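Here is the structure we will look at.
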Amino acid sequence: MSENAKIVMETVRAADHDRYVSALYAPEDKREALFSLYAFNAEISGIRDRIREALPGEVRLQWWRDVIVADDDGAARGDGANIGHPVADALKATISAHRLPKLAFESMLEARVFDLYDDPMPSRTDLEGYCGETAAALIQLAAMVLDPAEAPRFAELAGRAGCAQAMTGLLLLLPLHRKRGQCFVPADILAAAGSSPEEFVAGDGGPGAQRAVAAMIALAREHLSAFESGASALPVSLRPAFLPLALSRAYLGKMESGRHFPLDGAARLSALRRHWLLFRRATRGWPDA
């Protein structure tokens, strides 16, 4: 493994340990490509954590757009040398080697603009679109790396999986988002719960907060159930792309238990349990779907 590849792998291990472990279940010759995808995702999803102002954040997203659309020979930079950014160089190599669609990356970057601002999520449809262009796209790209012949057959399943995974993640991040004044809970779900984005991010969230969170959990479970109903058909070759879904049901169960209400703090799974759930799905698939 090259020094750049080690840096990319360590980036994923530090920023997204669950996807790091998932990639280890992939064939050895596919892991570097998966790490490049997951490191790219960690880079762009963490921009707001590193860059507090929206405009510099947009500049960073534009830098990634330029990297992705640049010709492989470096014409957009005026030379054929590497960019000098380990994750960017690895991502470019992965896109080229596996003929991944650049449009998927451009859509992912466009969706991440939402993260930089405090505008409320307008509707359930908008939320599902956001999840589709971020988490679901990442799953499908990973599937294309793992098995390009089989991946297209499971694009719809990747959409369901991405929605379930992303919504679970947003629920886990609720305390952080509320502290920032961000609201990923759709306005139509809040309205049905008797709340509003402004009320939800203020103080204790208001009287409708618990109903709104319960509706979000139900929505995540709806997508998770739809994924699980078709997951038994997944070929072994594609399992590593979907492995993080092994944790979603456990996290949602913790949130519903009453002891880990998402507004009070993130539900947690021990490292041992996370590793066990990932191992079980990696070796057995989803036989109980």
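Pairs linking a residue in region 1-18 that is touching a residue at least 24 places away in the same chain (Cβ under 8 Å) and over 20 Å from residue 247 (Cβ atoms) to a residue that is in a helix (DSSP H, G or I) and of a type in the set (Gly, Ala, Ser), with Cβ atoms under 7 Å and 6 or more positions apart or on different chains, are 4/90; 5/90; 8/36; 8/39; 8/90; 11/39; 11/42.
Table: residues versus (1) in contact with a Ser or Thr (Cβ under 9 Å, 6 or more places away or on another chain); (2) within 21 Å of residue 114 (Cα to Cα); (3) not aliphatic (A, V, I, L, M).
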residue	(1), (2), (3)
176	no, yes, no
192	no, no, no
200	no, yes, yes
203	no, no, yes
216	no, yes, no
220	yes, yes, no
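Determine whether region 179-188 contains at least one residue that is open to solvent by 20 Å² or more (accessible area, probe 1.4 Å), at positive phi and touching an Asp or Glu at 6+ places or on another chain (Cβ under 7 Å). Scanning region 179-188 turns up at least one residue that is open to solvent by 20 Å² or more (accessible area, probe 1.4 Å), at positive phi and touching an Asp or Glu at 6+ places or on another chain (Cβ under 7 Å).
Table: residues versus (1) in contact with a strand residue (DSSP E or B) (Cβ under 8 Å, 6 or more places away or on another chain); (2) open to solvent by 20 Å² or more (accessible area, probe 1.4 Å); (3) part of a loop (DSSP other than H, G, I, E, B); (4) not hydroxyl-bearing (Ser, Thr, Tyr).
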| residue | (1), (2), (3), (4) |
| --- | --- |
| 107 | no, yes, no, no |
| 126 | no, yes, no, yes |
| 135 | no, no, no, yes |
| 152 | no, yes, no, yes |
| 164 | no, no, no, yes |
| 167 | no, no, no, yes |
| 175 | no, yes, no, yes |
| 202 | no, yes, yes, yes |
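Would you call residue 233 surrounded by fewer than 15 Cβ atoms within 10 Å (Cβ to Cβ), under 23 Å from residue 136 (Cα atoms) and either over 17 Å from the mean Cα position of the chain (by Cα) or not small (Gly, Ala, Ser) (or both)? Against the criterion (surrounded by fewer than 15 Cβ atoms within 10 Å (Cβ to Cβ), under 23 Å from residue 136 (Cα atoms) and either over 17 Å from the mean Cα position of the chain (by Cα) or not small (Gly, Ala, Ser) (or both)), residue 233 qualifies.
Test residue 221 against the stated conditions and say whether it is in a helix (DSSP H, G or I), in contact with a Leu (Cβ under 7 Å, 6 or more places away or on another chain) and basic (Lys, Arg). Taking the combined requirement at face value, the residue satisfies it. Would you mind stating whether residue 112 is basic (Lys, Arg), in a helix (DSSP H, G or I) and surrounded by fewer than 19 Cβ atoms within 10 Å (Cβ to Cβ)? When the stated conditions are applied, residue 112 does not pass them.
The values are calculated or read from the model by the stated rules, or taken from the named source; none is laboratory data. Because the structure is predicted, anything quoted here is derived from the model rather than measured. Here Cβ is always computed from backbone atoms with ideal geometry, including for glycine, and neighbour counts include all displayed protein chains. Side chains are part of the model used for accessible areas, which takes the heavy atoms of the whole protein and leaves out ligands, DNA and RNA. Shrake-Rupley method; radii C 1.70, N 1.55, O 1.52, S 1.80 Å.
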